[in-house]
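Okay, structure first, notes after.
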Amino acid sequence: MSPAHETRLDPSRLDDGKGPWLVVGLGNPGPEYVNTRHNCGYMVTDRFVQTASGAYRNQALGRSGTVARVADVRLGYGIGTPQIIVAHTGTYMNTSGPATGELLKFYKIGVERLLVVHDDIDLEFGVAKLKVGGSDGGHNGLKSIQKTLGTKDFARLRVGVGRPVRGPLGGDVINWVLGRFPKSEMADLKQVIDRAVQCIYDVAEGGLAKAQARLHLGNPKK
């Protein structure tokens, strides 16, 4: 099935209400993880904050001692303009759930207005997809969030990084996702990040279904 003909989001699972979105970019903190495949969530959200002329600030979460990086972005001026709270949890990928729950609680945002941005080894490099619900696909960041929230029904913006080439011993997934993109992929990486950034704008301004249609239409045709 081509990306242009992806199954559309079930209207019964969409949120047509008002209020801010919480967009959580998944990744690992620290310079050793910068620009690794596993940090695609950081790359997309950082680029979004930059294009929206926003700025991160540190925010303590509850009594856990966790400090998240948060940017409060408004798309325009005046009452009723879309608001997006962009956040990095400040924790390692595998423990993203509790901080995500604290952020939802602090900003009084329901899980139906949560968008998690993450890398996905089950999507080819250069492909980005938007969906609501589903399994964690072996992604430990999603697994942690689902466990904390007690639901799978939140939106995910998935950025494809592909799988390692399988050799006699199989693909080394851990080293793959913690590895950096080669120079030969940087131009295509920029394109898919830019499309993912546009998707965040589209979600906030026009809803999930329209954002999904536009994002999937732009995926490489196979």
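The values are calculated or read from the model by the stated rules, or taken from the named source; none is laboratory data. What you see is a predicted model; the values in this text were computed from it and never measured. Here the Cβ is made from the backbone with ideal geometry for all residues, glycine too, and neighbour counts use every protein chain on show.
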Checklist entry - So which residues in region 104-116 are assigned to a helix (DSSP H, G or I) and under 15 Å from the mean Cα position of the chain (by Cα), if there are any at all? => result Val111, Glu112, Arg113
Next on the checklist: Go through region 189-222 and report how many residues are of a type in the set (D, E, K, R), crowded, with 18+ Cβ neighbours inside 10 Å and under 16 Å from Lys18 (Cα atoms).
Outcome noted: 1
Item to check | strands (runs of 3 or more DSSP E) completely within region 44-95 that count 2 or more residues being within 18 Å of the chain's Cα centre (by Cα) | outcome: 66-74, 83-88
Next on the checklist: Suppose the filter is exposed (fewer than 11 other Cβ atoms within 10 Å of the Cβ), more than 26 Å from Gly126 (Cβ to Cβ) and either acidic (Asp, Glu) or modelled with pLDDT of 95 or more (or both); does Arg63 pass it?
Outcome noted: no
Checklist entry - Which number in (1) within 23 Å of Tyr201 (Cα to Cα); (2) among the charged types (D, E, K, R); (3) in contact (Cβ under 8 Å) with a residue 12 or more places away in the chain; (4) surrounded by fewer than 21 Cβ atoms within 10 Å (Cβ to Cβ) marks the one condition that Arg113 misses? => result (4)
Next on the checklist: Consider region 182-202. How many of its residues are more than 12 Å from the chain's Cα centre (by Cα) and among the aliphatic types (A, V, I, L, M)?
Outcome noted: 4
Checklist entry - Where in region 117-222 are there helices (runs of 4 or more DSSP H), lying fully within it, with 1 or more residues that are among the polar types (S, T, N, Q) and closer than 23 Å to Ala52 by Cβ? => result 186-206, 208-217
